[in-house]
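The values are calculated or read from the model by the stated rules, or taken from the named source; none is laboratory data. Everything quoted here is computed from the prediction, not taken from an experiment. Here Cβ is always computed from backbone atoms with ideal geometry, including for glycine, and neighbour counts include all displayed protein chains.
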């Protein structure tokens, strides 16, 4: 396990994109000096309020925003307008290339506050030492064990091997569901109702 790691706060939208592989560049106005291969743990802000995954640092580029956009625009998960707004007034920014994403069973804020003394969800980032990482991974494993036991597939915890990429329960879809709820069914248009069943049209107007 790397002795140095970073905990980043992410909005649910971006955490979901990282989990599904749609976003492989994390943009930052400030970012600490960490070695290639260091772990970045993702704390997903409310309403999720939990650490849900981690990635390794593949590369960190520092450059003017325009250069970052030209080189990485398809990997940022942002529109040009949102990119420009984020870096407004900045002469340089950080483009952190992410690799080896691992989904973790969520370790929620309430547990982090108990296990990590004085824990406060970071506004930007905070460092994690080996002991901090162990707490997060142990909390994730206990959640997995609970899930597996409820499903009748495990009778006890399995050791976490940080050198093996393992798909854990909390996926990008889970993050979206926790943040935004289940997708509402699409309401049929008047033309679709006419084509499917004319009686549905009469019922719809009868309801007002």
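Observations, loosely collected:
- Considering the conditions (1) surrounded by fewer than 17 Cβ atoms within 10 Å (Cβ to Cβ); (2) outside any helix (DSSP H, G or I), residue 114 is excluded by exactly one of them, (2).
- When we screen 109, 128, 137 for residues that are without any contact (Cβ under 8 Å) to a residue 40 or more places away in the chain, touching a strand residue (DSSP E or B) at 6+ places or on another chain (Cβ under 9 Å) and either within 22 Å of residue 49 (Cβ to Cβ) or surrounded by fewer than 17 Cβ atoms within 10 Å (Cβ to Cβ) (or both), the only hit is 137.
Conditions tested, residue by residue: (1) free of Cβ contacts under 8 Å to residues at least 24 places away in the same chain; (2) in a strand (DSSP E or B); (3) under 25 Å from residue 134 (Cα atoms); (4) in contact with a strand residue (DSSP E or B) (Cβ under 7 Å, 6 or more places away or on another chain).
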position	(1), (2), (3), (4)
9	no, yes, yes, yes
18	no, no, yes, yes
81	yes, no, no, no
118	yes, no, yes, no
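So that you can scan it fast, the table gives a plain yes or no per residue for (1) assigned to a loop (DSSP other than H, G, I, E, B); (2) modelled with pLDDT of 95 or more; (3) closer than 27 Å to residue 24 by Cα; (4) out of contact with any strand residue (DSSP E or B) (no Cβ under 9 Å at 6 or more places or on another chain):
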{"residue": "101", "(1), (2), (3), (4)": "no, yes, yes, no"}
{"residue": "123", "(1), (2), (3), (4)": "yes, no, yes, no"}
{"residue": "141", "(1), (2), (3), (4)": "no, no, yes, no"}
{"residue": "149", "(1), (2), (3), (4)": "no, no, no, yes"}
{"residue": "152", "(1), (2), (3), (4)": "yes, no, no, yes"}
{"residue": "156", "(1), (2), (3), (4)": "yes, no, no, yes"}
{"residue": "161", "(1), (2), (3), (4)": "yes, no, yes, yes"}
{"residue": "166", "(1), (2), (3), (4)": "yes, no, yes, no"}
{"residue": "178", "(1), (2), (3), (4)": "no, no, yes, no"}
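- Answer residue from segment 24-43, given it is assigned to a loop (DSSP other than H, G, I, E, B) and touching a residue at least 40 places away in the same chain (Cβ under 8 Å) and is surrounded by the fewest Cβ atoms within 10 Å (Cβ to Cβ) among those: 30
- Answer residue from segment 44-62, given it is closer than 15 Å to residue 102 by Cβ and crowded, with 21+ Cβ neighbours inside 10 Å and is farthest from the chain's Cα centre (by Cα) among those: 57
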